[in-house]
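Enquirer: Questions regarding the structure given below will be posed in turn.
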Amino acid sequence: MAKNSTILKNWPRYLLQWGVLAALVVVLTGIVPGDEPADPEAYCPVGGLQALTTYFVNGSLPCSMTTLQIMMGVALAAAVILFSKLFCGYLCPLGTVQDLLIKSRNSLNIKSISIRNGSVPDKALRIVKYVLLFWIFYMTATTSELFCKNLDPYYAVATGFKGEITLWMSVVSLVLVVLGSFFVDMFWCRYICPLGAVSNSLKFWVCVALLFGVYYVLGLVGVNIPWWLVFGLFCLAGYLLEILYAKPKLQVLHIMKDSSRCIHCDRCTARCPYHIDVNIWKEGTVNSVDCTLCGECVAVCPTKALHVGVCRNGSPTVLKKMLPALLTVVLVAAGMLAGSRFELPTIDMTWGIEQEDENGETVYLVDPESLQTLVLENLRSVKCYGSSMAFKAKVEKIKGVHGVRTFVGHHRVEILYDPAAVSEEKIQAEIYTPSRFRVRTPDLQAVDSIKVMTIRTENMYDKLDLNYLGLQMRATDRKIYGLESEFACPLIVRVYMDPSENPDKAWFKDIVQKEKLVLGTKEYDLAFRFEGLEDTVSYVPVEDYVRQMFSPFRAEFRSRIEEAEGKPQYIYEIADRNYEKPIIKRNMPFLSNHLSRHDGVIGIYLDLDENLGPAIMVRYAAPMTSDELWRLMTMDTWTITYSKDDVREEPAKLAFRTPGVEKPYIVE
């Protein structure tokens, strides 16, 4: 029988496996552009299980994880408990790659390294994935960051080694997948994969339920056991059950064997990716902790002695052949549907509501029944665990606020407050950050003043909303130069424009209430509401407007100022209109850090020059020179000091093409 004959006989599996792998390649490489950059973790079940663990431990979700990933993790767990390791056998890209490596090795007639199931090396190696499982879940729960990204070979490749990885861990993992699985069948899945450890443990779900049931009951009676100890026992129990009793029996679906048809040719064992010895089962269910219901043994059996089912009688019909693949699709679809219907909060925290007195009894500082909830939608800056905690730190300072929940998937926050101590308007005022946005640059030679009109809006309380409104105005042919916001109810938005412009109320309403912002291939849903146009019109000098809209950067070194006192000082100035872009200011601290390592550098600035154009300026004195500054600024790598013991060589953050000019610095 040809080596690859099972591809046609087991086509549902290969169609699903290779289809998923092809879809990942297409999406992650950007061959088909989408509205947002592809997220390699979007449907990651192991990330979802880590997020769920962190939620139970800390009451919060890690990173930007959402309910979608959690429900994918739940779907995986349900599949293992009811059926088998369907994700491993039908969806996992690492499993597919290992299958392809095995086929490549066979086509080259290279002999594999055999590690017999149940042998001492096999039992010793199987503990590795359980140690990794405990380490990854412990680090994730204690840091609220998905630690698996540090070493996940799929994530490293999917992000082009540019994600949140630890390089040496990712390289080691990738080598283990490629070289390990090339020489040892399914090496990664059998011995390294933490998800394999979770799946194998869940096959003994009665023992798992008993363990966590005891933990829960002990908690009810006041015996508090650290969660990590219970999870460690879960990992240890999974390992011991895997090596000592590798025959779970409580699944609904199995590979079934009809001994009356078996001719003991051993093709099933040879073809099984995990080399499960099917012959040790004389009749009925083939129980093995490694089984993924991949169907390779069924496809290779010449007498139809094996089939997927719930009883031993039968044969490999088309429906039975397709059943595991169909169940995989149904469970994934169910997980995606459930994940889209509801959302767990990324953080759910309260404070200042109650405390314990000297006798250990609860004393309420405020009446919980009197607290109300303020819901704010479309806060796009609340998009992950870190930004949620930053938002929490801001509202925690507001007297009368006692809690916050964030939902990063929908950019929504719910603020718990005492209406007797603070009003909704006061909360909104405290959390709002006034902002400015330059729509376009006025012609300084043709315009001597800027016209100012004021509109009122609602649903624009995120710091990015003014940018989106400005981008809508930039798309028109009107000479709108800039926007500035000030908190009020409704919000005050000042619109700066050319004196020749005279937009009316209808024009402003149409721009503000556009439902979508289209930027190239991306679309952003908007929900701004226009509330009115004020009658007052004013004018400001163009120079005042330009300075008002510009955000300068300033970094000076006091010790260098003192050292240079009495010496000739200079400014090295590089002017460029592009320096008004926000990315320049974001990278100025890196430039300042890099240059500050060199004697003679006194200060680094981003400001307007004498022509009201943006310029980067470096203040210096001997021994520094303008030529040396140019050399330092145009280096391919910059030396960045993060701390005394953390100094890194990193790619230059800014590119300079035209040398600057040296000017004398006048000490004030």
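The values are calculated or read from the model by the stated rules, or taken from the named source; none is laboratory data. None of the values given here were measured: they were computed from a predicted structure. Methodologically, a virtual Cβ is constructed for each residue, glycine included, from the backbone with ideal geometry; neighbour enumeration extends over all protein chains shown.
Enquirer: In region 403-431, how many are exposed (fewer than 15 other Cβ atoms within 10 Å of the Cβ) and either closer than 29 Å to residue 68 by Cα or of a type in the set (Phe, Trp, Tyr) (or both)?
Expert: Qualifying residue count for the region: 1.
Enquirer: Quick one: which of 178, 217 is more than 24 Å from residue 140 (Cα to Cα) and either under 28 Å from the mean Cα position of the chain (by Cα) or crowded, with 23+ Cβ neighbours inside 10 Å (or both)?
Expert: Details: 217 fails: either under 28 Å from the mean Cα position of the chain (by Cα) or crowded, with 23+ Cβ neighbours inside 10 Å (or both).
Matching residue, one of 178, 217: 178.
Results for (1) of a type in the set (Ser, Thr, Tyr); (2) on the phi > 0 side of the Ramachandran plot; (3) surrounded by fewer than 13 Cβ atoms within 10 Å (Cβ to Cβ), shown as yes or no for each residue.
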| residue | (1), (2), (3) |
| --- | --- |
| 295 | no, yes, no |
| 308 | no, no, no |
| 319 | no, no, yes |
| 355 | no, no, yes |
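Enquirer: Determine whether residue 95 is closer than 21 Å to residue 146 by Cβ and in contact (Cβ under 8 Å) with a residue 24 or more places away in the chain. First the steps, then the outcome.
Expert: Details: closer than 21 Å to residue 146 by Cβ: yes; in contact (Cβ under 8 Å) with a residue 24 or more places away in the chain: yes.
Yes: the conditions hold for residue 95.
Enquirer: Where residues in region 74-97 are part of a helix (DSSP H, G or I) and touching a Cys at 6+ places or on another chain (Cβ under 8 Å), which of them is nearest to residue 153 (Cα to Cα)? Let's see the steps before the verdict.
Expert: So in region 74-97, the residues part of a helix (DSSP H, G or I) come out as 74-82, 86-90, 93-97.
Remaining after also requiring touching a Cys at 6+ places or on another chain (Cβ under 8 Å): 88-90, 94-95.
Working: 88: 15, 89: 18, 90: 18, 94: 8, 95: 12 Å.
Here the residue is 94.
Enquirer: Provide a single number: the residues in region 477-512 that are over 20 Å from residue 538 (Cβ atoms), modelled with pLDDT of 95 or more and not aliphatic (A, V, I, L, M). Please lay out each step first, then the result.
Expert: Step one: of region 477-512, the residues over 20 Å from residue 538 (Cβ atoms) are 477, 489, 506, 509-512.
Then keep just the ones that are modelled with pLDDT of 95 or more; that gives 506, 509-512.
Narrowing further to those that are not aliphatic (A, V, I, L, M): 509-510.
Qualifying residue count for the region: 2.
Residues checked against (1) within 20 Å of the chain's Cα centre (by Cα); (2) part of a helix (DSSP H, G or I); (3) farther than 22 Å from residue 16 by Cβ:
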| position | (1), (2), (3) |
| --- | --- |
| 99 | no, yes, no |
| 105 | no, yes, yes |
| 113 | no, no, yes |
| 121 | no, yes, yes |
| 139 | yes, yes, yes |
| 145 | yes, no, yes |
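Rundown of residues vs (1) in the same structural domain as residue 518 (by TED's automatic domain parsing); (2) of a type outside the set (S, T, N, Q); (3) farther than 20 Å from residue 582 by Cα; (4) within 32 Å of the chain's Cα centre (by Cα), yes/no style:
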site: 471; (1), (2), (3), (4): yes, yes, no, yes
site: 475; (1), (2), (3), (4): yes, yes, no, yes
site: 479; (1), (2), (3), (4): yes, yes, yes, no
site: 482; (1), (2), (3), (4): yes, yes, no, no
site: 485; (1), (2), (3), (4): yes, no, no, yes
site: 488; (1), (2), (3), (4): yes, yes, yes, no
site: 496; (1), (2), (3), (4): yes, yes, no, no
site: 499; (1), (2), (3), (4): yes, yes, yes, no
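Enquirer: For residue 248, state whether it is in a loop (DSSP other than H, G, I, E, B) and modelled with pLDDT of 90 or more. Even if it seems obvious, please write down each step before you answer.
Expert: Values: in a loop (DSSP other than H, G, I, E, B): yes; modelled with pLDDT of 90 or more: no.
No, not satisfied.
Enquirer: Quick check, is residue 274 part of a loop (DSSP other than H, G, I, E, B), surrounded by 13 or more Cβ atoms within 10 Å (Cβ to Cβ) and of a type in the set (Phe, Trp, Tyr)? Steps first, answer last, please.
Expert: Values: part of a loop (DSSP other than H, G, I, E, B): yes; surrounded by 13 or more Cβ atoms within 10 Å (Cβ to Cβ): yes; of a type in the set (Phe, Trp, Tyr): yes.
Yes; evaluated as a whole, the condition is true for this residue.
Enquirer: Right, here's the next one. Scanning for something touching a strand residue (DSSP E or B) at 6+ places or on another chain (Cβ under 6 Å), under 30 Å from residue 468 (Cα atoms), of a type in the set (Val, Ile, Thr) and surrounded by 13 or more Cβ atoms within 10 Å (Cβ to Cβ), does region 605-620 turn up at least one residue?
Expert: yes
Enquirer: Quick check: anything in region 342-350 of a type outside the set (A, V, I, L, M), out of contact with any strand residue (DSSP E or B) (no Cβ under 7 Å at 6 or more places or on another chain) and either at positive phi or part of a helix (DSSP H, G or I) (or both)?
Expert: No, region 342-350 contains no residue that is of a type outside the set (A, V, I, L, M), out of contact with any strand residue (DSSP E or B) (no Cβ under 7 Å at 6 or more places or on another chain) and either at positive phi or part of a helix (DSSP H, G or I) (or both).
Enquirer: Another question, if that's okay. Quick one: in region 22-59, of everything that is surrounded by 12 or more Cβ atoms within 10 Å (Cβ to Cβ) and among the hydroxyl-bearing types (Ser, Thr, Tyr), which residue is modelled with the lowest pLDDT?
Expert: Only one residue fits best here, namely 43.
Enquirer: Name every residue in region 563-574 that is surrounded by 14 or more Cβ atoms within 10 Å (Cβ to Cβ), in contact (Cβ under 8 Å) with a residue 60 or more places away in the chain and not hydroxyl-bearing (Ser, Thr, Tyr), in order of residue number. Before the answer, list the steps.
Expert: Of region 563-574, the ones surrounded by 14 or more Cβ atoms within 10 Å (Cβ to Cβ) are 563-564, 569-574.
Then drop every residue that is not in contact (Cβ under 8 Å) with a residue 60 or more places away in the chain, which leaves 569-574.
Hits for region 563-574 are 569, 571, 573, 574.
Enquirer: Scan region 57-73 for residues that are within 13 Å of the chain's Cα centre (by Cα) and not in a helix (DSSP H, G or I) and jot them down.
Expert: Within region 57-73, 61, 62, 63, 64, 65, 66 meet the criteria.
Enquirer: A further question on this structure: What about residue 242, is it within 23 Å of residue 81 (Cα to Cα) and among the acidic types (Asp, Glu)? Reasoning before the result, please.
Expert: Values: within 23 Å of residue 81 (Cα to Cα): yes; among the acidic types (Asp, Glu): yes.
So residue 242 passes the test.
Enquirer: Within region 583-602, which residues are without any contact (Cβ under 8 Å) to a residue 24 or more places away in the chain and not aliphatic (A, V, I, L, M)?
Expert: To start, the set of residues in region 583-602 that are without any contact (Cβ under 8 Å) to a residue 24 or more places away in the chain comprises 583, 586.
Matches in region 583-602: 586 only.
Enquirer: Here is a follow-up. Could you run through region 628-657 and say how many residues are more than 15 Å from residue 592 (Cβ to Cβ) and loosely packed, with under 11 Cβ neighbours inside 10 Å?
Expert: 11
Enquirer: Follow-up question, since we're still on this one. Please enumerate the residues belonging to region 215-231 that are of a type in the set (A, V, I, L, M) and within 20 Å of residue 52 (Cβ to Cβ). First the steps, then the outcome.
Expert: Pass one, region 215-231, residues of a type in the set (A, V, I, L, M): 217-218, 220-221, 223, 225, 229-230.
If the condition is that a residue be of a type in the set (A, V, I, L, M) and within 20 Å of residue 52 (Cβ to Cβ), then 225, 229, 230 are the ones that fit.
Enquirer: So which residues in region 650-667 are hydroxyl-bearing (Ser, Thr, Tyr) and under 10 Å from residue 575 (Cα atoms), if there are any at all? Write out each step before concluding.
Expert: From region 650-667, those hydroxyl-bearing (Ser, Thr, Tyr) are 658, 665; that's our starting set.
Result: 658, single match.
Enquirer: Would you please name the residue that is farthest from residue 411 (Cα to Cα), looking only at residues in region 351-381 that are part of a strand (DSSP E or B) and hydroxyl-bearing (Ser, Thr, Tyr)? Walk me through it before giving the result.
Expert: To start, the set of residues in region 351-381 that are part of a strand (DSSP E or B) comprises 354-356, 362-364, 372-376.
Retained after the next criterion (residues that are hydroxyl-bearing (Ser, Thr, Tyr)): 362, 364, 373.
Numbers: 362: 34, 364: 31, 373: 16 Å.
Ranking the qualifying residues of region 351-381, first place goes to 362.
Enquirer: Check whether at least one residue in region 357-380 is without any contact (Cβ under 8 Å) to a residue 60 or more places away in the chain and among the basic types (Lys, Arg), and report yes or no.
Expert: Applying the first criterion (without any contact (Cβ under 8 Å) to a residue 60 or more places away in the chain) to region 357-380 yields 357-375.
The next check asks that each one be among the basic types (Lys, Arg); those that pass are none.
Taking every residue of region 357-380 in turn, none turns out to be without any contact (Cβ under 8 Å) to a residue 60 or more places away in the chain and among the basic types (Lys, Arg).
Enquirer: Also: Just a yes or no: is a residue in region 195-214 among the hydroxyl-bearing types (Ser, Thr, Tyr) and more than 30 Å from residue 158 (Cα to Cα)? I'd like the intermediate steps shown before the answer.
Expert: First, the residues of region 195-214 that are among the hydroxyl-bearing types (Ser, Thr, Tyr): 199, 201.
Then drop every residue that is not more than 30 Å from residue 158 (Cα to Cα), which leaves none.
Looking for residues that are among the hydroxyl-bearing types (Ser, Thr, Tyr) and more than 30 Å from residue 158 (Cα to Cα), one finds none in region 195-214, hence no.
Enquirer: Same structure, new question: Which residues, taken from region 595-640, are in a strand (DSSP E or B), more than 28 Å from residue 543 (Cα to Cα) and under 37 Å from the mean Cα position of the chain (by Cα)?
Expert: Of everything in region 595-640, those that are in a strand (DSSP E or B), more than 28 Å from residue 543 (Cα to Cα) and under 37 Å from the mean Cα position of the chain (by Cα) turn out to be 637, 638, 639, 640.
Enquirer: Separate question: Please go through region 1-21 and give me each residue that is out of contact with any helix residue (DSSP H, G or I) (no Cβ under 7 Å at 6 or more places or on another chain), surrounded by 12 or more Cβ atoms within 10 Å (Cβ to Cβ) and at pLDDT below 90, ordered by number.
Expert: Once the filter is applied, which keeps residues that are out of contact with any helix residue (DSSP H, G or I) (no Cβ under 7 Å at 6 or more places or on another chain), surrounded by 12 or more Cβ atoms within 10 Å (Cβ to Cβ) and at pLDDT below 90, region 1-21 yields only 5.
Enquirer: Every residue in region 129-158 that is touching a Lys or Arg at 6+ places or on another chain (Cβ under 9 Å) and more than 30 Å from residue 237 (Cβ to Cβ), please. Talk me through it step by step, then tell me what you get.
Expert: The first filter runs over region 129-158 and keeps only residues touching a Lys or Arg at 6+ places or on another chain (Cβ under 9 Å), leaving 129, 155-156.
If the condition is that a residue be touching a Lys or Arg at 6+ places or on another chain (Cβ under 9 Å) and more than 30 Å from residue 237 (Cβ to Cβ), then 156 is the only one that fits.
Enquirer: Looking at the structure I just gave you, is residue 204 modelled with pLDDT of 90 or more, more than 27 Å from residue 185 (Cβ to Cβ) and not assigned by TED's automatic domain parsing to the domain that holds residue 298?
Expert: Numbers: modelled with pLDDT of 90 or more: yes; more than 27 Å from residue 185 (Cβ to Cβ): no; not assigned by TED's automatic domain parsing to the domain that holds residue 298: yes.
Criteria not met by residue 204.
Enquirer: Sticking with this one: Considering region 150-187 alone, what residues qualify as being within 17 Å of residue 101 (Cα to Cα) and either basic (Lys, Arg) or not in a helix (DSSP H, G or I) (or both)? Reasoning before the result, please.
Expert: In the first step, residues of region 150-187 are kept if they are within 17 Å of residue 101 (Cα to Cα); the result is 153-154, 157, 173-187.
Correct list: 184, 185, 186.
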